[in-house]
1. Can you tally the net charge around T214? Count Lys and Arg as +1, Asp and Glu as -1, for every other residue whose Cβ sits under 12 Å from the Cβ of T214.
2. Work out the P(r) tail for segment 37-76: percent of alpha carbon pairs separated by more than 17 Å, whole number.
3. Cut-off is 10 Å between beta-carbons; in what order do F234, F162 appear when sorted fewest neighbours first?
4. When the C-alpha atoms of segment 1-54 are aligned to their principal axes, what extent does each axis show, in angstrom, from largest down?
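Readers should treat all values here as calculations from the given coordinates under stated rules, not as data from a laboratory. Treat the numbers as computed from the prediction; the structure is a model and nothing was measured. Note that we place each Cβ from the backbone using ideal geometry, even for glycine, and neighbour counts take in every protein chain shown.
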Amino acid sequence: MACVGENQDRAEAERAHYVYVQHAKMVSRHGKTVKCEEITDYRMMPSSDGSEEQLLNLDGRQLTNHKYLTYHAKPPEPAKDEANDKKKKDDDDPATIPVTISEDSIDRDIVQDMRWGLIHDKSKDGIDARLFPLTSKDQADYAFRMVGRERMNGREVFHVTFRPKKQDDFGWSGDAYIDTAAYEPVLITTAMARKIPFAVRTLLGTNLPGLGFTVTYAPQPDGVWFPVTFSTEFKIHVLFFFNREIILDAQNREFLKTHVTSRIVGEAREVEEKGPQ
C-alpha cells in the first residue's frame, strides 16, 4: 500500500497536465418518478490546486405541476448586492421565518449541488479526493487487509479491503483492486464505515441509507492512471417527509495532455546585433 500511496501522489500531480471532458447524468427520484434529471458535459481543466470547468452542454428536465419542463442552462447567479442585502436583513431580524421551498424547485438544487460536491469541487480528476483514502496522507487513518489475488478487466489484481482505524470514525470502508504490476487501483468500491447514529438522525431528521461509491481507473498512453467512470446511488431522508433517491453516473473521456515539447533543428548561430538604421 505504500507503493500505491506513492503512485497515487504522483498520479494526482500528473493529472494537472490533462484536459478532458466529463459526461455526467444526475437524477433525483421519488419512488419511480424522476423529479429532476440533468445530463451535462464539462471540459475539465485541472490546475495545481483544483480545476476549472467549462460547461459544454446541459440537457435538463424538471417535474413541475405534473409536467416536465426542459432547460439547457444553469440558473443565473444572484447579484452580490442582492445576496448581501438578504443576508443583512436575515441577520438583523432573528425572528425571520425560513421561506418554505416547494419540492418542485428543490430537486434541481439537489441535483446541481450534489454534482458539484461529488465530482467538481477542487478535484483534478473529476472525483472528490476525500472519497477514496489511497494517497499517502489518507492511508495513515485506515487499516488495510489483503484478501487475495484475482483477475479483473484483463489485469491481475490484489484484492484489498480497507476501513478506518478508529472504530468510531465515520469514514469509508470498502474494497480496492490493485494492479499487481503497476500498483495502481483498477476498481474501488466504498460504503460508509458506520451508519449515522440514531440520535443524530432523530435530532436532524436526516438519514443517508446506502451511501457509497464505485470508481474504475485506466492508464493513459504515457502511463498516468486516471479515473474513467464514477457512480453512486443512495437515498436521502430529510425531516421525515422528504425522501429522494440520488443517482450519479459519470465518465471521463477525450483526454488531452497539455504540456508542450520542442526541439532545435539545425545549428544555432549567433546573430550580429545591429544599431539603429
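1. With Lys, Arg at +1 and Asp, Glu at -1, the neighbours total -3.
2. 44
3. Starting with the residue having the fewest Cβ neighbours, the order is F234, F162.
4. Extents along the principal axes: 45, 30, 15 Å.
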